[in-house]
Every structure is written in C-alpha cells, then in structure tokens.
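Just so it is clear, none of the values below were taken in a lab; they were calculated from the coordinates. No experiment lies behind these values; they were computed from the predicted model shown. Backbone-built Cβ (ideal geometry, glycine too); neighbour counts: all protein chains shown.
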Amino acid sequence: MPQKKIIIDESFPNSQVENLSKHLERKGLKNSSLYFISQKHPGMPDHQIIQLLLNETTVFITTDRPLHNTVLKKGFKSLFFNGDNFSSKPLKGIRPINLPPQVKKDLQPKDQYTEQKTEVRHLVLPKSEKSLEKLRTKRRRIRNYFGGIENMGTVAVTVSFESFKSSILIGIRIKISSNTGAKALDASESYISEKAEPEKRNIIAMSYALILPIQLMLNHVKTIVYYDARIFTEPGKFQSHEMLNQYQFLYNKLLESFPKIEFEPSAKGFFIERLRQKLYDLSMSNSNEIVQGNISEMINEVQQFYLENKIDKDSFLTGCNA
C-alpha cells in the first residue's frame, strides 16, 4: 500500500496519538507521516483544511462528526474517532457542513489563524468544560460558514429583557451579514436569568449583550446593538467619567473590546418583536434554554485581573462596592 500523509485535526486528542499509530499499523499504514494541524496551522478553518491540505494521498483524522462526513462527501479519506474506535464510513444522521465558496484559487496555508486577542475574554468565559465545548463548536461553525472573520460584514445584536420580582430574563440574538454575498446567518441566541435590582437591570442586560459576541470572538467585526427601546436607557448613560461603580467598570471594559460599535433603539420590527415573544414564552415555562447568569462572578474576575495588573486601579477602587 502506498504511503499516506495523515492529517490530524485539532479536535483529535494528543493522548490518543499512540492509539492512532497502532490503528494505522493494523491498516498497513505504519510508515505514513503524521501532520498535526495544531502545530502547523493552528485555528485553520474547516474549508481551508479541505481545500489546501486534503487530496487523494491523505487520510484525515478527526472527532468532528460533520467535518468527517464533509471530507468523505468531497471524495477524500477520513477516519472518525469516537473515543474508542475509528470509522471510515459516513455517520448516519449527521449533516455535512456548508462550505463557503472558494473565491481565492491561489490561497496558501497560514502559520497562524488565531483571531485578535481580547483582554477581557478569558474573564467572561463559562467555567464548565461542557459549556466551553459548546461555545467552541458554535464559534467554529460561524467561522466556517463565512470562511473566516474577514468575510463577515456586520454583527447585529438584538437585546431585550423581561422583569420578575428580583430578577430578569435577558434575551440576546446575533445575526451576522457577509461582505462576500453569502446569505446572512442567525448565528446565536442566548437566554439568561440573572438576579438584579431594578436600577441595575439595564446595565446588566446590556453587559450580557456585549459578552456574547466577545465569547464568540466576533467583537472585532463591526457591531450594531439593537436594544429594546421600551425598557432600555440610552447606553451612553452607562459610561460615566466620574466615579465608577462595579457594574460600570465591567461595562466599560467590555465596550473597549469593540473597535467599531453602534447602538440603535428598536421599538418595533420583526427581530425585536420576535425576541419579546420568545422571552414571554420562556417566562411561562421551565425551559432548558434558560441559563443561570453569573454577573457578580464576572465582575469579581475583571476587578481582580485589573488590580493584579495595576491597570485602571484607581478608576474602580472608588465606588466599586456601591
């Protein structure tokens, strides 16, 4: 059997490389070379993996079900690893991913595909590994749909909330438009229950509207936040140049993560009305779509980070306990 080049996806765990080598040996591929995307091209989008790295002489190794089926559909070899065994067959019930059009025929692999750094992102990420994995999957799907962040035109964030006795239910939807002619994508939606005093509800809900695109690493794309004009204060009022309380400090740090951002009031229209209706429906049921917020934890993380790094220390020490 001719020698094959083994292309190993970033999703494949390093702890299973020995297991993979044994499997390749059993299949007569003992002397094949291993090519780790995590080392050569970290962050490489799925469509570029297929376009630039795979051909008739390669075998792709992945734990990503849709990507495995996509590689097979393109006519290349792929092995899906489920934690115990390898499979070279299409996985039933799993749709292949939608690949963006290959505009540049002379595209070359890059050494790095990582997005621009955002200082506060690691401080507002979910703590559980399950939630982080869902976030990584969603971020990868968005990036692959557009073929990279450079092909995104505008991130539209719609936000509203419903008030209860001592808490609020916040709804956030993200829709992304393309600058290459691709159809816009309903990229994400999130519904968060958070305890909040009446005077802090506006700034807490707006903070979550900024947190979600930061978590998804979309904040370097032009962003427009459409806020429910029925209930929101004009967001500019959250930016105090006087004494900052802890909520204002968090909000300002989140806002600094967006190079291009605008705020637009939305009183009526399809998107805001759909979001209001969804919030009402969720408020009348016990849905697993609702996640428990943790704004206090994020405030503490952000304050501690800037204290330890001696950045803007004086700006929040006064009044941070308000």
task: Name the residue farthest towards the positive end of the dipole of the chain from the options 50, 202, 157, assuming +1 on Cβ of Lys and Arg, -1 on Cβ of Asp and Glu, about the Cα centre.
output: 50
- prompt: Any idea what the dipole of the chain comes to, in debye rounded to 20, about its Cα centre with Lys/Arg Cβ at +1 and Asp/Glu Cβ at -1?
  reply: 1500 debye
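Convex hull over the alpha-carbon atoms of the range 1-134: what's its volume per residue in Å³? Working shown, then result.
Values: hull volume 19.5 nm³, N = 134.
Convex hull of Cα atoms, per residue: 146 Å³.
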- request: State to the nearest 20 debye the size of the charge dipole of the range 1-58 about its Cα centre, where the only charges are +1 on K and R beta carbons and -1 on D and E beta carbons.
  value: 280 debye
message: Mean-square fluctuation check for the chain, GNM, Cα pairs under 10 Å: which of 119, 56, 194 is largest?
response: 56
- prompt: Can you list residues whose amide H is under 5 Å from residue 225's amide H, if they're 5+ apart or on another chain and H is modeled 1.01 Å from N?
  reply: 157, 262, 263, 264
message: Modelling each spin label as a point 7 Å along the Cα-to-Cβ direction, I'd like the residue 25/residue 166 distance in nm, to one decimal.
response: 6.2 nm
- line: To the nearest 0.05, the calculated FRET efficiency linking residue 132 and residue 264 through their beta-carbon distance, R0 being 30 Å, is 0.45
query: What length, rounded to one decimal in nm, is gained on full extension from residue 233 through to residue 305, with 0.36 nm per residue of separation minus their alpha-carbon distance?
result: 23.1 nm
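Averaging the inverse of every distinct alpha carbon separation and then flipping it gives the Kirkwood radius. What is it for the range 79-213, in angstrom units?
Numbers: mean 1/r = 0.0555 Å⁻¹.
About 18.0 Å, per the Kirkwood formula over Cα pairs.
Loop sites only, by DSSP: take the trypsin sites (Lys or Arg not before Pro) in the chain that have at most 10 other C-beta atoms within 10 Å and name the longest stretch containing none of them. Write out the running numbers ahead of the final one.
Working: sites that count: 92, 104, 105, 117, 127, 165, 183, 268, 310.
In short, 1-91.
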- line: Dipole check, the chain, charges on Cβ (K,R +1; D,E -1), about Cα centroid: among 298, 270, 280 the Cα furthest to the positive pole belongs to 270
task: Return the whole-Å distance between the Cα centroid of the range 27-78 and the Cα centroid of the range 132-194.
output: 28 Å
Of 215, 168, 255, farthest towards positive along the dipole that unit charges on Lys, Arg, Asp, Glu beta carbons give the chain: 215
- line: Options [x] 60; [y] 56; [z] 68 for percent of Cα pairs over 24 Å apart; the value derived from the coordinates is listed as [x]
Most mobile of 228, 84, 281 in a GNM of the chain (Cα contacts under 10 Å): 84
